[in-house]
1. Can you confirm whether region 235-247 contains a residue that is buried (at least 20 other Cβ atoms within 10 Å of the Cβ), of a type in the set (Ser, Thr, Tyr) and farther than 20 Å from residue 146 by Cα?
2. How do the strands (runs of 3 or more DSSP E) wholly within region 261-358 filter down when requiring 2 or more residues that are within 20 Å of the chain's Cα centre (by Cα) and in contact (Cβ under 8 Å) with a residue 24 or more places away in the chain: which remain?
3. Checking residue 164 against (1) buried (at least 22 other Cβ atoms within 10 Å of the Cβ); (2) touching a His at 6+ places or on another chain (Cβ under 8 Å); (3) modelled with pLDDT under 95, which test does it fail?
4. Is it fair to say residue 281 is surrounded by 21 or more Cβ atoms within 10 Å (Cβ to Cβ), in the same structural domain as residue 200 (by TED's automatic domain parsing), in contact with a Leu (Cβ under 6 Å, 6 or more places away or on another chain) and more than 25 Å from residue 175 (Cβ to Cβ)?
5. Quick one: residue 229 ticks every box in (1) buried (at least 17 other Cβ atoms within 10 Å of the Cβ); (2) acidic (Asp, Glu); (3) over 10 Å from the mean Cα position of the chain (by Cα); (4) under 29 Å from residue 281 (Cα atoms) except a single one, so which number is it?
6. Look at region 136-174 and say how many of its residues are under 24 Å from residue 222 (Cα atoms), of a type in the set (A, V, I, L, M) and assigned to a loop (DSSP other than H, G, I, E, B).
Amino acid sequence: MGRAGVSYLRVAWGVLAAVMVIAAGAVLWAPDPDAPQPMVLDLPGEADRYAGAETGPGTEIEAGAEASALADGAETAGVRIIRGEAELPSPEVAAAGSGDGDGLATATESRGDGSVRITIVGGGDKAAARVPEPRHLDTSLTVKTAAGLRPARNARGATPFAAYRQAMPAKTAPALAVMVSGLGLDPVTTDRALLALPAEIGVSFSAYARNVDARLSAALAAGREAALEIPMATRGLSEAVLGPAALSPDRAAEGNATRLDWVLSRAPAYPYVTNFEGDLFASNAEAMQAFLNALDRAGLGYLDDTGKGGAIARALNLPYGEVDLVLEPNDPEAADRLRAVSRRALSAERPLIVKVYASDGNLDAVMAWVDTLQSGEVGLVPPSAAMR
């Protein structure tokens, strides 16, 4: 072999060695496919406020908050709503992996095309360990999505509604079913509702609540029915208040499906969902059909305070309950309205459903009212007992 041939051979071997080194490095430094990946939900419009947030100054989600939170070393699990630098966990708290560090760092990034990118960053094994798996979780009744596990029918046709509802009570009429909604955003009000109210009273949590999966799981484990709230467009209320996951009739079906999938995946086990607002969305038959079709496929029920989903739900044979009385937060006439619905229940052929948005005044009224039911003619049943 001539000198030129040897030279070419050396070059070839050199190139091969370099390629092998690069390949080995790519394998060594490649992302772990099993590691938690950031979940990204691309949303149109301006930076949104979350449902339940105050609408005053300082409630906009700050662009760049994610980077600040991660720079502090925050280990996260659940959902955290960041409303500016003041709420970011301190380096000490974040490093300890407790306190305010328990929520997911959430941020928006405004982009040139007018859309907003909301990133929710996974917390890893240590963070996930702080949110216990529900003791009652039937993994066959779940499906894995990009956003996490959500309830689903299993191969045998069993449904989350049947698995996670309370047992049917012996007495279903005359009776009342009560759902306390809007929980998870205010920890004091949430704890009061969960600790003070009878187990027959159901609870529902905002999809934006921090550690909503652990909260919901704890409620179910205590023998209480628990549900997630689906934010929906309503007349006279801006989408900024409803938050980035709100369903809207003005949005393409795919956009609503993405948002619904995200909300349903906030926890893996619960029997049904309920609306948060939604008069405008529920008035659109096409949008409601798609929404209830998705719930039917998942084997979930629907508790509806708009009164506009009944016909579609019945056609699908979907477990459905229409709310008879809604108490808005701190309703000054709550006590009188609760007494009135008790009288109505005496002649009703089915349990009447009361939906109470959580507030100190409303909880006071409900607890006093429940005491009068203990010895009266009207029974208290879980919400699923009023769903057909």
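The values are calculated or read from the model by the stated rules, or taken from the named source; none is laboratory data. Just so it is clear, the structure is predicted and the values come from calculations on it, not from any experiment. Here the Cβ is made from the backbone with ideal geometry for all residues, glycine too, and neighbour counts use every protein chain on show.
1. Within region 235-247, not a single residue is buried (at least 20 other Cβ atoms within 10 Å of the Cβ), of a type in the set (Ser, Thr, Tyr) and farther than 20 Å from residue 146 by Cα.
2. Answer list for region 261-358: 272-277, 301-304, 320-322, 352-357.
3. Result: residue 164 passes all but (3).
4. It is true that residue 281 is surrounded by 21 or more Cβ atoms within 10 Å (Cβ to Cβ), in the same structural domain as residue 200 (by TED's automatic domain parsing), in contact with a Leu (Cβ under 6 Å, 6 or more places away or on another chain) and more than 25 Å from residue 175 (Cβ to Cβ).
5. (3)
6. So the count comes out to 6.
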